Structures are given as structure tokens and as C-alpha cells.
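The values are calculated or read from the model by the stated rules, or taken from the named source; none is laboratory data. Just so it is clear, the model here is predicted, and its values are computed rather than measured. Every residue, glycine among them, receives a Cβ derived from its backbone with ideal geometry; neighbour counts consider all protein chains shown.
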Amino acid sequence: MAALIARGYNVAPFKVGPDFIDPGHHSRITGRASRNLDGWMLSRAYNLETFARHTAGADIAMVEGVMGLFDGYDGRSEAGSTAQMAKWLGLPVALVVGARSMARSAAALVQGFECFDDGLSFAGVLFNHLGSDRHLNYLKEAMDGHVRMPVLGGLMRDETIAIPERHLGLVTREDHDLSEENRRRLAELIENQLDLDALLQILPDVDIQGSASTPATEAKMTDVRIGVARDAAFCFYYPDNLELLEGAGAQLVFFSPLTDRRLPEGLDGLYFGGGYPELHAGVLADNRSLRQEVRQLSQMNMPIYGECGGLMYLCREMGDTDGNAFPMTGCLPVATRMLGRLKALGYREITQERATVLGLAGQVMRGHEFHYSTITDGASNVSVAYRMTDRAGMEKAAEGFVVNQTLGSYIHLHLGSYPQAADHFVAACRRWAADERNRDKGQTR
């Protein structure tokens with residue numbers, strides 16, 4: 001992406017799967033919001049429409065895959081895989097092969113990928129983690145006569161360009177400095193070590209199959225102000241979720257629970273996304289004025305929605321792995337604690353057992369769960385709204401904690417799985433604002 005941008009192309013970035021971190025890095029490089037494409041959380045039509053809408057005005061679309069090319073929900077089908085998405089969108093695949101310590105065996109590997117599914121087309125193969133130019137030549141010789149796709153080059157091992165990792169994955173764009181100098185270096189690496197001209201000549205003009213206009217983009221009267229927590233602690237948001245809220249009539253007002261001592265004026269609802277609040281627990285706890293304001297608004301029945309890290313902030317306290325406890329907002333009388341291991345990972349389907357700020361009983365939505373923390377106390381004293389199953393339909397523990405009009409859950413819901421949820425949330429905020437205005441009038445009289 002950096003190399004294409006350096007050449008003057010307008011690049012539309014996408015990511016297969018439910019990830020938040022990779023799209024953040026895409027957006028920093030391209031200047032365009034990177035969109036998630038997902039064969040399980042979202043319908044085929046929604047994926048096609050998303051791709052069509054967000055390639056408008058771009059010269060090149062680049063979709064980063066998820067896991068291995070054919071890895072999906074199970075070993076029997078392509079469902080949920082990068083290969084499936086490539087076929088849905090009609091895109092050729094650039095196969096990236098980690099070739100550390102490999103020589104002629106790489107040809108057998110690439111040949112297997114090339115022959116596994118006749119429905120896929122390949123733009124070429126790119127090798128990664130190479131030891132030398134001689135290593136690349138070995139690989140090219142091995143491919144000759146055994147593989148149809150062209151070799152587009154290879155990247156030498158270079159730990160200086162690696163992005164550090166921590167629990168939940170790579171360090172986020174908020175915490176990883178990508179200076180102009182680093183961007184230029186990335187672009188130069190590609191220009192010097194890959195045949196970008198050959199790749200560009202191979203790429204076809206794509207026939208966009210979806211509609212570039214959907215109900216989610218229809219402009220509505222903006223009469224509701226929703227505060228959205230966004231900083232290094234709360235940075236996991238699907239761009240589609242935010243746009244669906246705007247399409248439902250919300251003006252989004254961003255604020256930082258880390259640095260802002262008060263909420264923005266005139267809010268009618270609050271949205272706390274996921275992220276890394278556990279890395280900033282002390283700072284969040286010290287910001288007592290904002291915590292108290294959020295709790296007071298929850299007690300006043302303001303619609304408030306938090307997911308994963310946002311759930312942790314809405315709880316009574318957050319504990320770390322050393323046994324320290326940090327007070328949070330207390331909107332939900334529940335305590336959470338970080339673990340030294342992964343607690344939950346996977347796709348989730350939720351069915352609302354009761355009405356919430358996201359909709360009515362019976363409403364079904366899909367999302368993803370990925371966290372190292374657990375609820376340690378108080379859950380039995382809070383109403384739950386979600387019946388939850390995993391991708392295979394197996395029942396999971398009930399979720400969706402509700403107090404007043406505050407809803408918190410570990411599930412990162414993609415509202416594109418049920419776009420009306422955005423309308424429900426905005427409508428709840430609108431009703432609350434009207435009730436507050438009427439209450440103020442009554443007090444004035």
C-alpha cells in the first residue's frame with residue numbers, strides 16, 4: 001500500500017475477517033478507512049456492497065486476507081476463508097509465502113495452492129523472510145516448469161520493519177509510530193525487492209458486482225449527538241458501525257476517557273468500543289470526574305453501549321494480573337480481571353432475549369469475541385439480554401449485561417449483520433433526549 005501510494009495511486013484498503021488492528025495500519029498508510037469483509041458475520045450481498053461503495057474513486061483495491069488462503073470455519077468447506085472472499089469479489093490472489101529456510105520444497109507448496117481450487121485466479125507469488133538474493137534465485141529455479149503463476153519477487157529478512165506484538169495481536173496504530181521516513185522505507189523496500197510493474201500489469205479491471213448505494217448511506221436528519229470514546233484505550237470500532245449510526249441520524253462526537261475531564265456538551269448517548277483499557281487502567285481510574293459523569297448519566301437512563309474494553313470500563317472495577325484493582329464507572333455492578341492467558345476467541349451469534357438499546361427481543365446479530373479478561377464478581381446480580389452461540393451453533397454463556405439503558409458485552413457486534421440495530425440505538429437516544437427536554441420544561445414551570 002505504501003509503495004502504491006508513493007506512485008500516486010489512490011488505494012482502497014480492505015481486511016478479511018473481524019480484525020481491528022490491521023485495518024488501523026491500512027488507514028494510516030492510505031488515508032482511507034479500511035473496511036472489514038467477512039463471510040460469516042456479514043451476508044454476501046453486504047460484502048459486495050461494501051466493496052463496491054468503498055472502491056468508488058480508487059485506482060486500486062487491496063484486500064488483506066485472514067490466516068491461510070483456504071482457512072475458514074472448518075476443514076470441509078471454503079466458508080469464511082480468504083479464497084471464498086476472493087471469488088465473491090472476482091479478485092486475483094497475490095500469494096505470500098514465508099520461505100525462511102526453504103528451497104525447492106517451496107515449489108511443491110505453491111503448486112499445491114495453485115491446483116487446490118480451480119475457481120481461484122492468481123496474480124503471482126511473493127516470497128517473504130528470504131536470506132539473500134541467492135535464496136530468491138533458488139526459489140525462482142524451483143518454480144520454473146512446475147508453477148504457472150509468476151514469481152513477483154521476495155522480501156529479505158528485516159526485523160527493523162516488524163511491528164511489535166502484544167496480547168490481542170500487533171501493536172495498534174495509536175501506539176506504533178509510523179513516520180514519513182518509515183513510510184518511505186516501506187515503499188522503497190517494495191520497489192527494490194518486488195516487481196511492482198509486473199503486478200500492476202497483471203491486475204485486471206474488476207467488474208464491481210455490488211451496488212455502490214445502500215440504505216446505510218442514505219442521509220437522514222442529524223438530531224442526536226452520540227459521544228464515542230476514541231483514544232489509545234478505546235480504538236476498536238468497525239467503521240461501518242459508526243457510519244450506520246450516522247446514517248440513522250446521529251452526530252458522532254469523539255472524546256477521550258484518558259484525557260478529557262468532562263464529556264462533550266449536549267450528548268444523548270454514549271458508545272464505548274473495545275481496545276486496551278487494561279494498559280491504561282490507572283489513568284482511567286484517576287479520571288474520577290469523567291467516571292462519575294458517565295455513571296450519573298447511566299443512572300439517568302441515558303442509552304450507553306460498551307463492548308469488550310468498553311464493557312470493562314462500564315463495570316465497577318478492573319483488576320490486573322498482579323492483584324491490583326482499579327475503580328471504573330460502576331454503571332454495571334460487575335468486576336473484571338485480566339488473565340495471563342486467552343479467555344475467549346471466536347465468532348458469536350447473539351439473540352436478544354429482551355429489548356435493549358440495540359433492538360427488540362428476538363433480534364439476531366453476529367460479531368466476534370477476543371479477550372484476556374474475565375468477569376470475577378457480580379454477574380449473577382445483573383440482568384442478561386443475550387442468548388449466545390458460537391459459529392458451530394454451540395451454546396455459550398449468556399451475555400449482554402443490562403442496567404437501566406446501559407448495555408455491556410464482550411462481543412464486538414458488527415451492526416452490518418443487522419443494520420436496524422443502529423436505528424434502534426439512535427431512536428433510544430432520541431427518546432431519551434426528548435424526555436430530558438420535557439423534564440427540564442417541567443422543572444422550569
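Taking Asn404, is it over 21 Å from Leu345 (Cα atoms), touching a helix residue (DSSP H, G or I) at 6+ places or on another chain (Cβ under 9 Å), of a type outside the set (Gly, Ala, Ser) and surrounded by fewer than 20 Cβ atoms within 10 Å (Cβ to Cβ)?
Spelling it out, Asn404 is indeed over 21 Å from Leu345 (Cα atoms), touching a helix residue (DSSP H, G or I) at 6+ places or on another chain (Cβ under 9 Å), of a type outside the set (Gly, Ala, Ser) and surrounded by fewer than 20 Cβ atoms within 10 Å (Cβ to Cβ).
How many residues are over 21 Å from the mean Cα position of the chain (by Cα), free of Cβ contacts under 8 Å to residues at least 24 places away in the same chain and under 21 Å from Asp22 (Cβ atoms) if we restrict to the range 48-106?
Here the count works out to 0.
Leu200 passes all but one of (1) surrounded by fewer than 17 Cβ atoms within 10 Å (Cβ to Cβ); (2) modelled with pLDDT of 85 or more; (3) within 30 Å of Arg431 (Cβ to Cβ); which number fails?
All conditions pass for Leu200, except number (3).
Condition check: assigned to a loop (DSSP other than H, G, I, E, B) and either over 28 Å from the mean Cα position of the chain (by Cα) or more than 19 Å from Ala198 (Cβ to Cβ) (or both). Does Gly153 satisfy that?
On the way: assigned to a loop (DSSP other than H, G, I, E, B): no; either over 28 Å from the mean Cα position of the chain (by Cα) or more than 19 Å from Ala198 (Cβ to Cβ) (or both): yes.
Taking the combined requirement at face value, the residue does not satisfy it.
Take the residues in the range 115-142 that are of a type in the set (S, T, N, Q) and within 19 Å of Arg104 (Cα to Cα); name whichever of them is nearest to the chain's Cα centre (by Cα).
Checking each candidate, the answer is Asn128.
Within the group Ser34, Ser27, which residue is closer than 30 Å to Asp175 by Cβ, touching a residue at least 60 places away in the same chain (Cβ under 8 Å), surrounded by fewer than 22 Cβ atoms within 10 Å (Cβ to Cβ) and touching a Pro at 6+ places or on another chain (Cβ under 8 Å)?
Numbers: Ser34 fails: surrounded by fewer than 22 Cβ atoms within 10 Å (Cβ to Cβ).
It is Ser27.
Considering only the range 339-445, give the strands (runs of 3 or more DSSP E) lying wholly within it that have at least 2 residues that are closer than 20 Å to Tyr313 by Cα and of a type in the set (Ser, Thr, Tyr).
373-377, 383-390, 406-409
Conditions (1) farther than 22 Å from Val294 by Cβ; (2) modelled with pLDDT of 95 or more, marked per residue:
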| site | (1), (2) |
| --- | --- |
| Thr321 | yes, no |
| Pro327 | no, yes |
| Cys331 | no, yes |
| Gly340 | yes, no |
| Leu345 | yes, no |
| Ile350 | yes, yes |
| Ala355 | yes, yes |
| Gly359 | yes, yes |
| Arg366 | yes, yes |
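Six or more apart or on different chains, Cβ atoms under 9 Å: show the pairs whose first residue is in the range 179-207 and farther than 15 Å from Tyr9 by Cβ and free of Cβ contacts under 8 Å to residues at least 24 places away in the same chain and whose second is assigned to a helix (DSSP H, G or I) and not small (Gly, Ala, Ser).
Asn182/Ile161
Condition (residue is in contact (Cβ under 8 Å) with a residue 12 or more places away in the chain and either basic (Lys, Arg) or farther than 27 Å from Asn47 by Cα (or both)) applied to the range 412-428: is it met by at least one residue?
Within the range 412-428 (the criterion being in contact (Cβ under 8 Å) with a residue 12 or more places away in the chain and either basic (Lys, Arg) or farther than 27 Å from Asn47 by Cα (or both)), the answer is yes, since at least one residue qualifies.
Consider Thr374 against the criteria (1) modelled with pLDDT under 95; (2) among the β-branched types (Val, Ile, Thr); (3) over 23 Å from the mean Cα position of the chain (by Cα): it satisfies all of them except one. Which criterion is unmet?
Checking Thr374 against (1) modelled with pLDDT under 95; (2) among the β-branched types (Val, Ile, Thr); (3) over 23 Å from the mean Cα position of the chain (by Cα), the one that fails is (3).
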